[in-house]
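Working notes for the structure below.
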Amino acid sequence: MNNSFPIFEPSNKIFQPTKGNILSLAALAFFIIISVVKNPHPYIKITAVVLVLVWSFYITTNSLRYQSLNGKYEGTLTFNATDLSINERKINISEIKTIHVGTSDYEGKERGSKNIFPMSNGTNNLLELTLTSGEVIKLFFKINFMQHESLKPFVISLVKNERISFEKALEVLKLDDDFYINKFKNELNKKEPE
């Protein structure tokens with residue numbers, strides 16, 4: 001079971017040009033030029049039609065693409081049964097005052113309308129900690145669709161140490177089926193070997 005995830009450091013840039021943005025701007029500029037020119041040459045009309053077809057194809061197949069990565073991967077976040085590690089720094093559950101783990105984003109998840117917006121690259125998962133020392137740590141990490149299960153030992157420890165509620169644990173682990181919820185309850189109630 002893989003319990004390590006790449007840490008994602010978002011870029012501070014507001015706008016990052018992508019092929020889609022450049023293609024859209026070029027098509028828009030071309031259409032504006034054609035609308036200004038009276039009686040354009042037939043080759044220009046044909047070129048405009050071809051550009052419209054290419055742009056339409058790009059937009060309709062955009063759901064098969066991942067969103068552009070606006071940042072970089074730097075470091076590793078590892079969840080264990082009794083602690084978590086951010087790069088080489090180990091943080092024991094007893095050092096955690098409050099924790100928020102948001103795992104709503106994963107690789108392959110569609111974002112918005114299927115035909116307009118690309119799929120997520122899975123980097124919008126959040127870990128936010130407040131340690132007993134007062135230090136606040138906030139970072140994003142990448143998770144794939146089926147990796148929520150690997151968080152289970154850590155989440156069980158969080159519930160047992162009263163750092164998160166049972167309901168929040170279900171949300172983090174994406175458990176909504178009665179069978180899996182009961183299975184998780186049994187794992188929570190299982191006595192630890194002495």
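The numbers here are math on the coordinates, done by the rules we state, and not lab data. Keep in mind that this is a model prediction, so the values were computed, not measured. Positions of Cβ are generated from backbone atoms using ideal geometry, with glycine treated the same way; all protein chains shown enter the neighbour counts.
Table for the structure above
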item	result
Length released on extending from Lys72 to Asn2, taking residue separation times 0.36 nm less the Cα-Cα span	23.1 nm
Segments 93-101, 149-157 sorted - mean Cβ within 10 Å per residue, highest first	149-157, 93-101
Approximate spin-label separation Leu131-Leu51, in nm, with each point projected 7 Å along Cα-to-Cβ	5.5 nm
Percent of C-alpha pairs per 10 Å bin, the stretch 122-194, short to long	16, 47, 30, 8
Which listed pairs, of Lys72/Lys138; Lys138/Lys174; Lys152/Lys183; Lys97/Lys168, have C-alpha distances above 19 Å, in listed order	Lys138/Lys174
Kirkwood Rh in Å, taken over the stretch 79-171 so that all alpha-carbon pairs contribute	14.2 Å
